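One structure is given below, encoded as structure tokens.
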Amino acid sequence: MLSHLRISAAKPAPKPFNLSDGQGLFLTVQPNGSKLWKLSFRHLGKQKTLHLGRWPDVGLADARERRDEARRKIAAGLDPAIEKIRSRIAAKVAAANTFKEVAEEWVQKCEREGRAEITLSKIRWLLGIAYPMIGNLPVAEVTPQEVLAVLRKVESNGRYESARRMRSVLSRVFRYGVATVRCQKDVASDLRGAIATPRVRHLAAITNPIQVGALLRAIDGYEGQLITLMALKLSPHLFVRPGELRQAQWSEFDCGNAVWYLSAERMKMRRPHRVPLSRQVLKLIEELREHTGHQDYLFPCMGNPKRPMSENAVNQALRRLGYSQQEMTAHGFRAMAATLLNEMGLWNPDAIEKQLAHLDASAVRRAYTRGEYWDERVHMMQHWCDYLDRLRESGKSGRPGVGTARICGEDGMRLSSHADNNNSYPLHGGSMMFDLT
């Protein structure tokens, strides 16, 4: 039997030697002075050795306890050496199943699915807030209380919308963990009512025609960077999402056919989109081509032309023009167009929604409204740009136009309306035509 004193007194020799403690347990003293606990045993007729740890990290009492545990496994027909390997593998797997590991794997899946980069960057930002608190915890052991602590940290700074999005992102990570058999439950799902509901905030937009005219004239007088000026001028005419405009690439434009093609990867709803280009837009694009046509982007970043302009460029330009955040935003050009086009009463609301690249909230309705209303959208976009020109010139008209339109149905009946276009084209909902008289 060994003792602590005998072990401490054992000096290294030129060759390794063993000190026996009984029942197969012995201590190997190495030439470099290290002392290793080992257990000699037989399993299925084969002689084997199990390493139990290094002395003094593993003391004499601990070594004997590990020996006894190994002998119980041998008695049960198990190989303690193999069981040790399995335990080590299980520990490595558990370490790879931390919340951070699972979250990063889920983000990579989102990348493969073609999620927009701006969406991915927001997800990474939110997860970066969560990692210091729960990132190193096994995903299966994260509790609702720990998730709530993450949400409270964000909520305490008054960022209620970020807290709401954080809960949604964490929930999706846990659901991915369930789907990949790393945890059993989405512990964030039960926290929907635990944080403050953010107040609905509508992005500021000008929808009064007279004020729209004033805004257009103010844009014409902008004295900042030319690229920013061109983005300002095109924003009301195209009314796409700000990110879609600032990341526009020359390869997407077919000016010969007057169409801007946006791929599904570039769209918020992950569906390809087409934008008809009016005469006014084509003129502005050709003017812009002289300055940035040799670049990838229509609106390259001033400091790094390999990247698009800043997402805040148009908003900052509006501030320079004297429009506050409560009055007008880059995204507000979409609300401006949607409001005034619907008020005209000349266009199918579905055509307007298609041009805005909105996705119908009703899955049933989406299944039955698959048309693109392309011809109507082409006429609508030209009509819209002509209308903006009239507002810019007068700033006084509160109507879609100042001319009187003649609308004729199949029976030849005339109806009175307003229009400001000298072209004839079909209206939505039937074979009605209108033209100025």
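The values are calculated or read from the model by the stated rules, or taken from the named source; none is laboratory data. Since we're looking at a predicted model, the values are computed, not measured. When we count neighbours, we look across all protein chains shown, and the Cβ atoms used for this are built from the backbone with ideal geometry, even at glycine.
When P31 is tested against (1) out of contact with any helix residue (DSSP H, G or I) (no Cβ under 8 Å at 6 or more places or on another chain); (2) closer than 30 Å to K122 by Cβ, only condition (2) is not met. State which residue is surrounded by the most Cβ atoms within 10 Å (Cβ to Cβ) when the search covers only segment 1-46 and only residues that are in contact (Cβ under 8 Å) with a residue 40 or more places away in the chain and within 22 Å of P80 (Cβ to Cβ). The extreme case among them is L25.
Close Cβ contacts (under 9 Å, 6 or more residues apart or on different chains) running from residues in segment 78-90 that are assigned by TED's automatic domain parsing to the domain that holds L52 and touching a residue at least 60 places away in the same chain (Cβ under 8 Å) to residues that are in a helix (DSSP H, G or I) and surrounded by 16 or more Cβ atoms within 10 Å (Cβ to Cβ) are absent.
Name the single residue that is surrounded by the fewest Cβ atoms within 10 Å (Cβ to Cβ) among those in segment 145-167 being free of Cβ contacts under 8 Å to residues at least 12 places away in the same chain and among the small types (G, A, S). Give the steps one after another, and end with the answer.
So in segment 145-167, the residues free of Cβ contacts under 8 Å to residues at least 12 places away in the same chain come out as 145, 156-159.
Adding the requirement that they be among the small types (G, A, S) leaves 156, 158.
Details: S156: 9, G158: 11.
By that ranking, first place goes to S156.
Residues checked against (1) in the same structural domain as W260 (by TED's automatic domain parsing); (2) on the phi > 0 side of the Ramachandran plot; (3) at pLDDT 90 or above; (4) not in a helix (DSSP H, G or I):
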{"position": "Q326", "(1), (2), (3), (4)": "yes, no, no, yes"}
{"position": "A330", "(1), (2), (3), (4)": "yes, no, no, yes"}
{"position": "L340", "(1), (2), (3), (4)": "yes, no, yes, no"}
{"position": "W347", "(1), (2), (3), (4)": "yes, no, no, yes"}
{"position": "D350", "(1), (2), (3), (4)": "yes, no, no, no"}
{"position": "L359", "(1), (2), (3), (4)": "yes, no, no, yes"}
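Exactly one residue out of I118, I134 is surrounded by 14 or more Cβ atoms within 10 Å (Cβ to Cβ) and either of a type in the set (A, V, I, L, M, F, W, C) or more than 30 Å from M267 (Cα to Cα) (or both), and it is I134. Which one is farthest from A214 (Cα to Cα) among residues in segment 282-324 that are in a helix (DSSP H, G or I) and among the small types (G, A, S)? Checked segment 282-324; the qualifying residue farthest from A214 (Cα to Cα) is A313. Looking at V275, V240, just one residue is among the β-branched types (V, I, T) and within 16 Å of I118 (Cβ to Cβ), and that residue is V240. Only residues that are hydrophobic (A, V, I, L, M, F, W, C), out of contact with any strand residue (DSSP E or B) (no Cβ under 7 Å at 6 or more places or on another chain) and over 30 Å from A140 (Cα atoms) were counted in segment 52-93, giving 4. For segment 255-285, the set of residues classified as at pLDDT 90 or above and either among the small types (G, A, S) or farther than 20 Å from W384 by Cα (or both) consists of G256, A258, S278, listed by residue number. Which one is farthest from M230 (Cα to Cα), of the residues in segment 324-352 that are of a type in the set (S, T, N, Q) and under 27 Å from the mean Cα position of the chain (by Cα)? Residue satisfying both the conditions and the ranking: Q326. Give just the number: which of (1) closer than 30 Å to M166 by Cα; (2) without any contact (Cβ under 8 Å) to a residue 40 or more places away in the chain; (3) of a type outside the set (G, A, S); (4) not in a loop (DSSP other than H, G, I, E, B) does D186 not satisfy? Failed condition: (4). Pairs are defined by a Cβ separation below 9 Å, a sequence spacing of at least 6 or placement on different chains, a first member in segment 326-355 that is of a type in the set (V, I, T), and a second member that is surrounded by fewer than 16 Cβ atoms within 10 Å (Cβ to Cβ); the pairs so defined are T329/L203; T339/T207; I352/N342; I352/H358.
Taking the conditions (1) out of contact with any helix residue (DSSP H, G or I) (no Cβ under 7 Å at 6 or more places or on another chain); (2) on the phi > 0 side of the Ramachandran plot in turn, A140 satisfies each one other than (2). Restrict the check to segment 295-304 and report whether at least one residue is within 15 Å of Q225 (Cα to Cα), touching a Lys or Arg at 6+ places or on another chain (Cβ under 9 Å), without any contact (Cβ under 8 Å) to a residue 60 or more places away in the chain and surrounded by fewer than 18 Cβ atoms within 10 Å (Cβ to Cβ). Yes, because at least one residue in segment 295-304 is within 15 Å of Q225 (Cα to Cα), touching a Lys or Arg at 6+ places or on another chain (Cβ under 9 Å), without any contact (Cβ under 8 Å) to a residue 60 or more places away in the chain and surrounded by fewer than 18 Cβ atoms within 10 Å (Cβ to Cβ).
For segment 16-33, the count of residues that are out of contact with any Lys or Arg (no Cβ under 7 Å at 6 or more places or on another chain) and either in the same structural domain as P138 (by TED's automatic domain parsing) or basic (K, R) (or both) is zero.
Look at E372 and say whether it is modelled with pLDDT of 55 or more, touching a Lys or Arg at 6+ places or on another chain (Cβ under 7 Å) and surrounded by fewer than 18 Cβ atoms within 10 Å (Cβ to Cβ). For E372, the condition - modelled with pLDDT of 55 or more, touching a Lys or Arg at 6+ places or on another chain (Cβ under 7 Å) and surrounded by fewer than 18 Cβ atoms within 10 Å (Cβ to Cβ) - is met. Please determine whether any residue of segment 279-287 is out of contact with any Cys (no Cβ under 8 Å at 6 or more places or on another chain), in the same structural domain as V240 (by TED's automatic domain parsing) and in contact (Cβ under 8 Å) with a residue 60 or more places away in the chain. Scanning segment 279-287 turns up no residue that is out of contact with any Cys (no Cβ under 8 Å at 6 or more places or on another chain), in the same structural domain as V240 (by TED's automatic domain parsing) and in contact (Cβ under 8 Å) with a residue 60 or more places away in the chain.
Please find, among A196, A218, A130, A140, the residue that is under 23 Å from the mean Cα position of the chain (by Cα), aliphatic (A, V, I, L, M) and either at pLDDT 90 or above or more than 24 Å from Q326 (Cβ to Cβ) (or both).
On the way: A196 fails: either at pLDDT 90 or above or more than 24 Å from Q326 (Cβ to Cβ) (or both); A218 fails: under 23 Å from the mean Cα position of the chain (by Cα); A140 fails: under 23 Å from the mean Cα position of the chain (by Cα).
Among A196, A218, A130, A140, only A130 is under 23 Å from the mean Cα position of the chain (by Cα), aliphatic (A, V, I, L, M) and either at pLDDT 90 or above or more than 24 Å from Q326 (Cβ to Cβ) (or both).
Please verify whether segment 164-183 includes one or more residues that are over 11 Å from L126 (Cα atoms), in a helix (DSSP H, G or I), of a type in the set (V, I, T) and modelled with pLDDT of 90 or more.
Restricting attention to segment 164-183, the residues satisfying the condition of being over 11 Å from L126 (Cα atoms) are 171-183.
Of the ones still in play, those that are also in a helix (DSSP H, G or I) are 171-179.
Now restrict to residues that are of a type in the set (V, I, T): 173, 178.
Now narrow it down to the ones that are modelled with pLDDT of 90 or more: 173, 178.
Yes.
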